[in-house]
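Working notes for the structure below.
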Amino acid sequence: MKSNHMNAIPLLVLILALVVTSESNAATYRVKDQVAYQKVASKLKPGDTVELKNGVWNDFEILFEGVGTAEEPIELRAQTKGKVILSGNSNLRLAGEHLVVSGLVFKNGFTPTSSVIAFRKNKTELANNSRITQTVIHEYNNPERFENENWVMMYGRNNRFDHNHLEGKSTKGVTMAVRLNTEASQNNHHRIDHNYFGPRQILGSNGGETLRIGTSHYSLTDSFTVVENNYFDRCDGELEIISSKSGKNKFIGNVFFESRGTLTMRHGNDTLIERNVFFGNGVDHTGGIRVINKRQTIRNNYMEGLAGYRFGGALVVMNGVPNSPINRYHQVEDSLVENNSLINSDHIQLAAGSDFERSAVPIRSTFEKNLIYRDVKQDPFTVYDDVSGISFKDNAINGAASFQLEDGFTNQSFDMQRAENGLLYPVAESSLDGVGANKDIQPIAKEAVGVAWYPKPAARATFDHGEKIQVEPGLDTIADALKEASDGDVLALTAGRYTVSRMLGLTKSVTLAATSDEGEVELFFERGALFEIQQGGNLKLKGIKISGAEAPDSAGNSVIRTQRRSMLENYELIIENCEVVDLDINHSFNFLTVAKGTFADRIEILNSKFSNVTGAILSLDKESDDYGIYNAEYVTIRSSQFDKVAGDLVDFYRGGTDESTFGPHFELSDSILTDVGGGKRNKSKSSMLLHGVQVTEVAGNKISDSLPVKVLHTVGEPVTKIKNNEFIDTPKLEISELYSDKRDTAHLSNNVYRTTE
Ligand code: CA
């Protein structure tokens, strides 16, 4: 292999590719493959440029090293921006001085190391004064959902990351992090600007932050990182969109669009948060700014339509821990919150997190000239502890009923009007001049960040945006139609009997719907599962009757299951006006079985009937490691009936003590359960087991001849409401607190127990 022949070709390429410019000794090397790159990579001089040929570069681990100068940096760029695709197991490390990288796209693969882009070669050889610009990382995820990886890791000093597009991270680990782990990476003065942080789905665990600066360990060290004019679009990973964990950072002029979570000053002092705009549009868990630590300034920010609560509210000022360890909560001291507008946002929380441990209230802090407006004229403030250490001055709120913070506020009705910059301001009201956010804020547009040559994803409904495909009764007509279907299509089933002889694997969104009401659509299946939701799959069933009578006579069948291995993309499952019968050919026949490492954004069962089931309806209990991971975000069951179900209606498990997720959420309303949970194989001995669910509503149900409903509270101040239910010949609800000696925090009202004898 190592013949002269092999050596000769790259040399020839090299000679042909070398273009010497007339002004200086700087060279442009046009390289067409990895061998050619390696030839030039070790001898780059100031002013040199390496240009990667357009095309797909597979398994290319780029090490870009050199010492350029401010006047003559060394460049690595795509021949044409966006036309150089790094795929397979590729990544990029840079080390040296004055390096500039531009125009690359990472997609169709994942990094073999722990990051896609690292501003270092190894622990001691870092990049300084260097820049990554106009680069895309799109769904470049390890296939194993909980394999921890970070896309961009900034080390060194004076680096810039700008006009990049990061979209679709679905594995555990931050999208981007600034590290301060050695002295050479501290006081770093990095600049992160004009980037498009595209949608990041709910992770269902800690580790879903979009941007983190520092770690608790080095949090009393200054970073001086500036995060400016970035657009955060639906960054929903977890509670913290941004976690600032070092000193003297600045967050200026960023837009947060429908992003769940908050910009959190988790650790570190002297942060400035100015001219940021948050648009929640009422989306669940959209939050604003969370204040912790010393000398923080939150000035001239605009928040509208934020629905988040608790630590995820529109503005949250936390309590600290006296003499806090470095990784807990430092007291808020000498901080300033001024000239912010909080519009139609549900929650402002002061002294939040107050408890036996977090007893250090905010001190020597000021809250002034803030404008609070809600159409509903309700008080958005919750005060958890003594706030006499905050001085309130010249704030305005629009006529909130029974407002609790009288001093330092004017509480009078006023109206708002949208200005040309898209933001709301009080209608000509001179007394409010100088209160709230300034009129000169110009929220950065989505088009002004990232790159122009790579599309930014628009919002789209999961289901029913495609074509309608008519399907006739018979053997495998559904399987045939499914092969032809595209994402968003509807298979319209004519009345009659359908038999499915094979498992239907779903890698797209599809709806199966009865055409009309001229007769029943009846569906039988002959494999251990009718549907398997695979990567990219979503399923909606409407108006269909499904029978398990022809399923194999073996234990553990399911009507629907997820793929058996880890799945990156979250899925949705909707069952509407359906009837499911005879899941009883053998024991442990579930309606839905999920695998570990899979996650549903939502599961809904509406107006449907289930009877004769030997397993569970929804078995969501596969994350048993107690890492705070779970299997579904929203589970909703409404106006449905369940009759003779041997297992649980739902077995929902989120173990551990982690507090960084919003869910799981569970609702059961206006439904009838008869003889549920009583099978001898049902280990939970319940009709429903909700372990560590964060938001629960069980209301208006009639539960007869069933095992008890069991609720186990873990952490995170779960909100549990159980009301207006009738329990007939069914034992009392069991609610317990696993990690708290307080009385349980469930809200129970108007539940009636009867026995018939
Ligand atoms: Ca976190």
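The values are calculated or read from the model by the stated rules, or taken from the named source; none is laboratory data. Worth saying up front: this structure is predicted, and the values here are computed from it rather than measured. Cβ coordinates were reconstructed from backbone atoms using ideal geometry, including for glycine residues, and neighbour counts include every protein chain displayed.
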Counting only strands (runs of 3 or more DSSP E) entirely within region 197-295, those with at least 3 residues that are within 16 Å of the ligand (Cβ to nearest atom) and under 13 Å from the mean Cα position of the chain (by Cα) are 240-245
Result of the Cβ filter at 6 Å on region 231-244, keeping first residues that are closer than 18 Å to VAL316 by Cβ and polar (S, T, N, Q) and partners that are assigned to a strand (DSSP E or B) and more than 12 Å from the ligand (Cβ to nearest atom), at least 6 apart or interchain, is SER244/ILE213; SER244/MET265
Of THR657, THR661, the only residue that is in a loop (DSSP other than H, G, I, E, B) and in contact with a Leu (Cβ under 8 Å, 6 or more places away or on another chain) is THR661
Considering residues that are at negative phi and part of a loop (DSSP other than H, G, I, E, B), the number found within region 637-654 is 6
Result of the Cβ filter at 8 Å on region 260-280, keeping first residues that are under 15 Å from ILE441 (Cβ atoms) and partners that are among the aromatic types (Phe, Trp, Tyr) and surrounded by fewer than 24 Cβ atoms within 10 Å (Cβ to Cβ), at least 6 apart or interchain, is PHE279/PHE257
Restricting region 104-151 to residues that are within 27 Å of the chain's Cα centre (by Cα) and of a type in the set (Gly, Ala, Ser), the one nearest to ASP59 (Cα to Cα) turns out to be GLY109
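Listed here are the residues, each with its yes/no results for (1) closer than 16 Å to PHE524 by Cα; (2) part of a loop (DSSP other than H, G, I, E, B).
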position: VAL451; (1), (2): no, yes
position: PRO455; (1), (2): no, yes
position: ARG460; (1), (2): no, yes
position: PHE463; (1), (2): no, yes
position: GLY466; (1), (2): no, yes
position: GLN470; (1), (2): no, no
position: ILE478; (1), (2): yes, no
position: LYS483; (1), (2): no, no
position: LEU491; (1), (2): no, no
At pLDDT 95 or above and surrounded by 15 or more Cβ atoms within 10 Å (Cβ to Cβ), is that true of LYS508?
yes
Worksheet item: Within the bounds of region 561-578, is there any residue that is acidic (Asp, Glu) and over 29 Å from the mean Cα position of the chain (by Cα)?
Response: no
Condition set at pLDDT 95 or above and of a type in the set (Gly, Ala, Ser), scope region 448-465, selection surrounded by the most Cβ atoms within 10 Å (Cβ to Cβ): answer is GLY450
Would you check if there is a residue in region 647-658 being crowded, with 17+ Cβ neighbours inside 10 Å, modelled with pLDDT under 95, under 24 Å from GLY168 (Cα atoms) and of a type in the set (Gly, Ala, Ser)? no
Over region 515-525, the set of residues surrounded by 15 or more Cβ atoms within 10 Å (Cβ to Cβ) and either modelled with pLDDT of 95 or more or more than 9 Å from THR494 (Cα to Cα) (or both) is VAL521, GLU522, LEU523, PHE524, PHE525
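To keep it simple, each residue is scored yes or no on (1) buried (at least 18 other Cβ atoms within 10 Å of the Cβ); (2) assigned to a strand (DSSP E or B); (3) at pLDDT 95 or above; (4) under 28 Å from the mean Cα position of the chain (by Cα).
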{"residue": "LEU689", "(1), (2), (3), (4)": "yes, yes, yes, yes"}
{"residue": "LEU712", "(1), (2), (3), (4)": "yes, yes, no, yes"}
{"residue": "GLU717", "(1), (2), (3), (4)": "no, no, no, yes"}
{"residue": "THR720", "(1), (2), (3), (4)": "yes, yes, no, yes"}
{"residue": "PRO731", "(1), (2), (3), (4)": "no, no, yes, no"}
{"residue": "SER736", "(1), (2), (3), (4)": "no, yes, no, no"}
{"residue": "ARG743", "(1), (2), (3), (4)": "no, no, no, no"}
{"residue": "TYR753", "(1), (2), (3), (4)": "no, yes, yes, no"}
Across (1) within 23 Å of GLY237 (Cα to Cα); (2) surrounded by fewer than 19 Cβ atoms within 10 Å (Cβ to Cβ), ALA555 clears everything bar (1)
field: Meets criteria (in contact (Cβ under 8 Å) with a residue 40 or more places away in the chain and crowded, with 23+ Cβ neighbours inside 10 Å) for ASN570
entry: no
Those residues of region 66-86 that are crowded, with 17+ Cβ neighbours inside 10 Å, closer than 21 Å to ARG120 by Cα and not hydrophobic (A, V, I, L, M, F, W, C) come to a total of 5
Just one listed residue, out of ILE213, ILE241, ILE252, is surrounded by fewer than 24 Cβ atoms within 10 Å (Cβ to Cβ) and closer than 27 Å to THR135 by Cβ, and it is ILE252
Meets criteria (over 25 Å from the mean Cα position of the chain (by Cα), buried (at least 17 other Cβ atoms within 10 Å of the Cβ) and within 30 Å of ILE575 (Cβ to Cβ)) for VAL435: no
